[in-house]
1. Residues of segment 144-169 being open to solvent by less than 60 Å² (accessible area, probe 1.4 Å), of a type in the set (A, V, I, L, M, F, W, C), farther than 18 Å from Q63 by Cβ and away from the ligand (no atom under 11 Å from the Cβ), which ones?
2. Which numbered condition in (1) without any contact (Cβ under 8 Å) to a residue 60 or more places away in the chain; (2) closer than 17 Å to N101 by Cα is the only one that G328 fails?
3. Of everything in segment 38-57, what is among the polar types (S, T, N, Q) and within 30 Å of the chain's Cα centre (by Cα)? Give them in sequence order.
4. Which one is surrounded by the most Cβ atoms within 10 Å (Cβ to Cβ), of the residues in segment 195-238 that are within 14 Å of the ligand (Cβ to nearest atom) and outside any helix (DSSP H, G or I)?
5. Here is a check on your reading of the model: is E85 away from the ligand (no atom under 15 Å from the Cβ), in contact with an Asp or Glu (Cβ under 9 Å, 6 or more places away or on another chain) and either small (G, A, S) or not in a loop (DSSP other than H, G, I, E, B) (or both)?
6. Please pick out the residue among T192, T172 that is within 15 Å of the ligand (Cβ to nearest atom), in contact (Cβ under 8 Å) with a residue 60 or more places away in the chain and more than 30 Å from L402 (Cα to Cα).
7. If C289 meets every condition in (1) touching a residue at least 40 places away in the same chain (Cβ under 8 Å); (2) touching a helix residue (DSSP H, G or I) at 6+ places or on another chain (Cβ under 6 Å); (3) open to solvent by less than 50 Å² (accessible area, probe 1.4 Å) apart from one, which number is that one?
8. Out of all the residues in segment 1-23, which are more than 16 Å from L89 (Cβ to Cβ) and in a loop (DSSP other than H, G, I, E, B)?
Amino acid sequence: MTLEQEKNPWLAAEVRFDNAAAKLGLDDGMRKVLKSPAREMTVHIPVQLDDGRLEVFTGYRVQHSIARGPGKGGIRYAPDVSIDEVRALASWMTWKCAVVNIPYGGAKGGVICNPALMSDGELERLTRRYTAGIMDMIGPDRDIPAPDMNTNAQVMAWIMDTYSMRMGSATTAVVTGKPMELGGSLGRQEATGRGCMLVTLEALSRFGLKPEDSKVVIQGFGNVGGMAARLMAKRGFRIIAIVEYDGAVYNANGLDIEALMAHRKETGSINEFEGGEAMDKREAMFLPCDVLVPAATENVITSENAGKLNCRILCEGANGPTTAVADGILAEKGIFVIPDILANAGGVTVSYFEWVQDRQGYFWNEGLVNSRLEEIMVRSFADVANWGEKRKVDNRTAAYMLALDRVASAIRLRGIYA
Ligand code: GLU
């Protein structure tokens, strides 16, 4: 397999799926049903640019499964979005929602564009026209989008407004990750990072380690990595390095994360931070540490570099940071992997809380959101770990088996509509 094939997310998703399906003894028919995305839509979106030109963008929405409930999953804006990626991400949402046992299927959307080069007006027009294009697929009972790479609460507000104008009434539950003023939930923004911290704490206790004795390296300092860093630092972890796309910063005694955030806000980058030393971003990921949190994008741990990792615990904050080929290398090294479909499920879990609150029209305080998130993450970690111990499989295989089993059983109970 070439490195390029190894990095195809849909292939990575298939390898993990096939492995878990074989271990579960799923029959061929059920495997076909579980593997195939239920619905896929491609839209070509005309957008008037600020300079008057008309441009056409391509966008996708894939509902991988709607067996356990409405589709659920984010929308990403990036130049390298592809149907294979969106398909893989949609299937990961199915397994993720099943692992934490929330009543959703899995979906994902993406638009091929470069938001860094677009004005707010252009982004708004793109978002509204994309929403109009996928309008028939989404809805509080059908498919509920949320933020993902390069989308945020403002983008969700535009989607909510476009959908609501079409429906003739304010429909807040059509998206999650909204601003607080429009039915957003307290704790949603930090939820993915909080979830990462919670499962890492569970993993640490298996090693008899305390947060204060644990060195952490985090790759990515956006919504997931930044929040994980902030919350882990508050909890006493020593964050020795932050690795970004344009550099890395290191401090053996632990970085002052709040100061680093302030520095980044001021200068636009983590580079030239006085509270640490600059480091080669390619090397920083291989620093000896207790916990490595890849929290940026897919394919950062591959067959080429997995052998160099120097961590005890790998907490996958991003979706798909490890290729399927690298899995074997991590296993040989004895690294305890908290797989993405468990490690980063805090975000969609609080999205679920947001949707529940919107539908009830009754909002929870932050303490309640956080304690319910903790309950779900701790229970899900135990479910995966117990499944793995009982069947002598690694955590990723256990998480996939548990998820596939839950979705297959929902499909069996519903039967096939004909
Ligand atoms: N984009 C996030 C994820 O990949 C959140 C999805 C959601 O909240 O629906 O899990």
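The values are calculated or read from the model by the stated rules, or taken from the named source; none is laboratory data. Computed from a predicted structure; not experimentally measured. Please note: Cβ atoms are built from the backbone with ideal geometry, for glycine as well, and neighbour counts cover all protein chains shown. Only protein heavy atoms, including side chains, enter the accessible area calculation; ligands, DNA and RNA are left aside. Shrake-Rupley method; radii C 1.70, N 1.55, O 1.52, S 1.80 Å.
1. A153, V155, A157, W158, M160
2. (2)
3. At the first step, the residues of segment 38-57 found to be among the polar types (S, T, N, Q) are 42, 48.
Of everything in segment 38-57, just one residue is among the polar types (S, T, N, Q) and within 30 Å of the chain's Cα centre (by Cα), namely T42.
4. G220
5. Values: away from the ligand (no atom under 15 Å from the Cβ): no; in contact with an Asp or Glu (Cβ under 9 Å, 6 or more places away or on another chain): yes; either small (G, A, S) or not in a loop (DSSP other than H, G, I, E, B) (or both): yes.
So E85 does not fit the description; no.
6. After applying the criteria, what remains is T172.
7. (2)
8. Correct list: M1, T2.
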